[in-house]
Amino acid sequence: TARTLLLLPGDGIGPEAMAEVRKIIAYMNAERGAGFETDEGLVGGSAYDAHGAAISEGDMKKALAADAVLFGAVGGPKWDAVPYEVRPEAGLLRLRKDLKLFANLRPAICYPALASASSLKPELVEGLDILIVRELTGGVYFGEPKEIIDLGNGQKRGIDTQVYDTYEIERIAGVAFELARTRQNRVCSMEKRNVMKSGVLWNQVVTETHKRSYSDVQLEHMLADAGGMQLVRAPKQFDVIVTDNLFGDMLSDVAAMLTGSLGMLPSASLGAPDAKGQRKALYEPVHGSAPDIAGKGIANPIAMIASFAMCLRYSFNMVADADNLEKAIAEVLDSGIRTGDIMAEGCRKVGTAEMGDAILAA
Ligand code: NAI
Ligand code: MG
């Protein structure tokens with residue numbers, strides 16, 4: 001059976017990074033019979049220029065039909081003044097919403113060759129491999145009421161509401177436990193049950209889900225603020241961290257900085273399994289469109305390539321190929337080849353295409 005991929009390169013360095021993934025897909029089809037069928041679409045500013053929308057209905061249909069979506073990056077100064085509803089980010093938000101991508105996976109991996117470039121002590125991060133599983137469609141970013149009300153005495157009140165229902169916690173916990181089974185089999189759940197009712201419920205539902213279906217996995221609970229401290233103090237203690245939308249947003253950004261450049265960080269967003277057990281999924285680098293370096297052929301394609309490795313692993317269960325691709329990235333870094341953003345003394349500086357070619361060769 002064919003494996004269908006929709007490529008949405010987007011704006012800025014998105015297309016430059018995606019070009020390197022296209023080479024890998026072509027190689028896997030030609031040399032390894034991978035059977036990928038790819039289609040292409042527009043998203044962000046480039047879609048706005050062509051259709052007046054951040055993603056066209058036709059491309060949304062393609063995204064819903066594909067096994068997986070590979071997304072580059074969107075945005076840039078050219079579109080800073082376009083109307084809010086059609087701003088470039090609206091394309092990504094629409095994809096997340098319509099594909100119902102409730103689980104955001106952010107790995108923080110420290111490649112040995114880059115450990116000394118970390119802002120922390122190298123021994124703290126060398127060999128680091130954590131996976132943060134962030135709930136993406138609920139919590140305080142979406143809960144109602146959400147408003148600013150005028151209290152009439154010269155005072156206003158800003159209101160956001162943290163809301164979580166049992167099913168939302170169950171399904172994100174399920175994703176975390178299942179992923180842990182493919183790793184070191186350990187989950188740390190983070191909330192603030194000491195001060196938040198939604199935290200009390202989170203803790204209960206994760207505990208019950210664990211007891212019911214995943215008791216083989218090691219489960220630990222940590223208050224989210226203490227978790228932030230532990231992430232910086234001793235990050236290697238963690239395997240999978242599962243947490244809500246707000247804490248996950250912050251903790252994953254903290255974890256990201258343990259590992260070095262934005263140009264290295266992949267991510268995945270997964271939906272619920274359908275009748276055939278297939279999850280909708282979107283894979284994208286953490287970085288944006290980097291207008292400051294776009295068009296120069298110097299962007300680091302590793303975040304995009306590592307996002308494709310996640311796609312192989314999570315959408316197609318091509319675990320050996322995903323491992324090989326990640327190993328190739330590590331090898332190329334070991335050999336001293338670097339794009340400008342991760343350049344270090346004694347290394348050889350290359351552009352986007354040369355980095356992609358080196359990884360493919362490895
Ligand atoms: P950014 O991630 O695009 O860039 C931040 C800095 O990191 C820049 O100096 C850039 O040159 C560097 N950088 C990022 N990725 C790199 C790579 N692969 N290789 C080498 N250097 C890299 O974030 P910024 O500058 O805040 O936003 C630029 C545009 O991207 C804005 O329009 C923003 O809205 C959009 N954006 C889009 C995202 C997405 O598509 N998911 C996420 C974040 C921002
Ligand atoms: Mg963030």
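Laboratory data are not the source of any read-out in this text; all were calculated from the coordinates shown. Here the structure is a predicted model, which is why all the values come from computation and not from measurement. Here the Cβ is made from the backbone with ideal geometry for all residues, glycine too, and neighbour counts use every protein chain on show.
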Distance in Å, no decimals, from the C-alpha centre of segment 129-158 to the one of segment 332-352 is 41 Å
Where a ≥ b ≥ c are root eigenvalues of the Cα gyration tensor, a/c under 1.5 meaning rounded, otherwise prolate if a/b exceeds b/c and oblate otherwise, segment 165-242 counts as oblate
By the Cα gyration tensor axes a ≥ b ≥ c (a/c under 1.5 gives rounded; else a/b larger than b/c gives prolate, otherwise oblate), the shape of segment 230-318 is oblate
The distance between the Cα centres of segment 188-244 and segment 66-99, in whole Å, is 31 Å
All alpha-carbon distances of the chain, grouped into 10 Å bins from 0, give the whole-percent distribution 5, 23, 32, 27, 11, 2, 0, 0
Residue by residue through segment 270-281, the couplings from Karplus 6.51 cos²θ - 1.76 cosθ + 1.60 with θ = phi - 60°, in Hz, x for Gly and Pro, are 10, x, 7, x, 8, 4, 8, x, 8, 9, 5, 7
Descending packing, highest mean Cβ count within 10 Å first, for 129-136, 272-279 is 129-136, 272-279
Taking Val195, Val125, Val187 and counting other beta carbon atoms within 10 angstrom, the fewest-first order is Val195, Val125, Val187
With no solvent term and unit scatterers on the alpha-carbon positions of segment 201-252, Debye gives log₁₀ I(q)/I(0) at q = 0.14 Å⁻¹ of -0.40
Sorting Ser252, Leu64, Ala226 by the position of each Cα along the dipole of the chain (Lys, Arg +1; Asp, Glu -1; all at Cβ), the one nearest the positive end of that ordering is Ala226
The exposure ranking of Thr38, Thr209, Thr259, fewest beta-carbon neighbours within 10 Å first, is Thr38, Thr209, Thr259
extent check for segment 311-362: Cα max minus min per principal axis, descending, whole Å, gives 38, 18, 18
The base-10 log of I(q)/I(0) that the Debye equation returns for segment 36-117 at q = 0.10, 0.22, 0.23, 0.25 Å⁻¹, one scatterer per C-alpha, is -0.32, -1.00, -1.05, -1.18
Counting Lys and Arg as +1 and Asp and Glu as -1 over every other residue whose Cβ sits under 12 Å from the Cβ of Asp49, the net charge comes to 0
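Expressed as a rounded percentage, what relative contact order does the chain have, with Cα pairs under 8 Å and six or more residues apart?
With pairs under 8 Å counted, the relative contact order is 20 percent.
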With only helices counted (DSSP H, runs n ≥ 4, each -39500 (n - 2.57)), the per-residue ellipticity at 222 nm for the chain, to the nearest 500, works out to -12500 deg cm²/dmol
If every Lys and Arg gets +1 and every Asp and Glu gets -1 at its Cβ, then about the Cα centre the chain yields a dipole, in debye to the nearest 20, of 500 debye
